[in-house]
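The values are calculated or read from the model by the stated rules, or taken from the named source; none is laboratory data. All values derive from a computational prediction rather than experimental measurement. Cβ atoms come from the backbone with ideal geometry, glycine included; neighbour counts cover every protein chain shown. These area figures cover heavy atoms from the full protein model, side chains too; ligands, DNA and RNA do not enter into them. Shrake-Rupley method; radii C 1.70, N 1.55, O 1.52, S 1.80 Å.
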Amino acid sequence: MAIKLEMKTCLSCGYNIRPDIVLFQDAMDDEYYRAQQVLTGCDLMIIIGSSLQVYPAAFLPDKAKHLAIINRTETQWDPQAQVVLNCEITSKLKEIKERLQ
Ligand SMILES: [Zn+2]
């Protein structure tokens, strides 16, 4: 599933209005560094729906003691993970929700 960004244009100057997200080449904001601190040494990191190919987020699994990765395709972190589920995330999360109810 690809997310399509709609660029809006400023009505006064005609420039594109920047969306409130981190784009490629952007500096990471404070939230990222706070997340990095919080995750360092965590017992378990559950990663859902990420190919873990984009840095610096792809460095984050290194912060956890244990990894559980749920993704449609294999990731570079799979060999270090204690749990790897290669499946369609949407249906798997629905299944988990149903089992928890
Ligand atoms: Zn403008």
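Please check: in the Gaussian network model of the chain (C-alpha springs, under 10 Å), which one of 56, 79, 19 has the largest mean-square fluctuation. In this elastic network of the chain, the residue with the biggest mean-square fluctuation among 56, 79, 19 is 19. Of 41, 14, 49, the residue with the greatest mean-square motion in the GNM of the chain, using alpha carbon springs below 10 Å, is 14. The loop-placed chymotrypsin sites (Phe, Trp or Tyr not before Pro) in the range 1-86, going by DSSP, that have at most 16 neighbouring Cβ atoms within 10 Å of their Cβ come out as 15, 24. What number, rounded to the nearest 500 deg cm²/dmol, is the helix-based mean residue ellipticity at 222 nm of the chain, given -39500 (n - 2.57) per DSSP H run of at least four residues and division by all its residues? Value at 222 nm, helices only: -6500 deg cm²/dmol. Just the protein heavy atoms count here, and of the accessible area of the range 42-101 at 1.4 Å, carbon and sulfur take up 53 percent. Using only the C-alpha atoms, the convex hull of the range 42-101 corresponds to 84 Å³ per residue.
Name the residues of the range 39-58 whose amide N is less than 15 Å from a point 7 angstrom out from the Cα of residue 93 along the C-beta direction? Within reach of a label on residue 93: 46-51. For the pair residue 11 and residue 54 in one chain, pulling the backbone fully straight at 0.36 nm per residue adds 12.1 nm over the alpha carbon distance. Only protein heavy atoms count here; under a 1.4 Å probe, residue 10 has an accessible surface of about 40 Å². In this structure residue 84 has an accessible area near 60 Å², from a 1.4 Å probe over the protein heavy atoms.
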